[in-house]
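The values are calculated or read from the model by the stated rules, or taken from the named source; none is laboratory data. This structure is a prediction, so every number in the text was calculated from the model and none was measured. Positions of Cβ are backbone-derived with ideal geometry, glycine not excepted, and every protein chain shown enters the neighbour counts.
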Amino acid sequence: MIALQASGRYIPETDTALPWLYGIARRVLARQRRRSAGFARLLAKSTHSQVRFQGIEEDAIAEAIDATRTAPALAEALRELSKGERDVLELVAFEGLTPSEAAIVLELTPNAARLKLSRARRHMRGLLGTELGTFSDTETGHAF
């Protein structure tokens, strides 16, 4: 709905509107996260439950266990990054955008986005390299 309302202000900078839409989605999700943070804390306190697995797939359980073990280190390493580095890294590594598309989302020049991405990857490698080995996003092939 927000994208439709803002469509009159859209200025095509690439052959796809995806970076523009990601920018809108990021702002909407950030607003949503702020609103629901209190509810999530209350729910976590009230349930006191562990993650429950459904099904008997051993591979899925093993992957979930590995993710549970590495998630705190990854989350801590991400918190160590500056907001700008974290934002560009998340858009490229997790969302699959190119650095140029991430630059549009973050309202940066492409060179500034590449520089922030390079610094973020170097920082993540330094933080995670000894703890987790080489960490890479298997879907996009981007190594941290």
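Some notes on this structure:
- Taking the stretch 107-134 as the range and being buried (at least 19 other Cβ atoms within 10 Å of the Cβ) and outside any helix (DSSP H, G or I) as the test, only Leu108 passes.
- Tally, over the stretch 77-106, of residues that are within 17 Å of Thr16 (Cα to Cα) and either touching a residue at least 60 places away in the same chain (Cβ under 8 Å) or crowded, with 19+ Cβ neighbours inside 10 Å (or both): 12
- Single match in Arg86, Arg114, Arg41, Arg79 (criterion: at pLDDT 90 or above and over 21 Å from Ile24 (Cβ atoms)): Arg114
- Tally of residues being hydroxyl-bearing (Ser, Thr, Tyr), assigned to a helix (DSSP H, G or I) and surrounded by fewer than 15 Cβ atoms within 10 Å (Cβ to Cβ) across the stretch 1-32: 1
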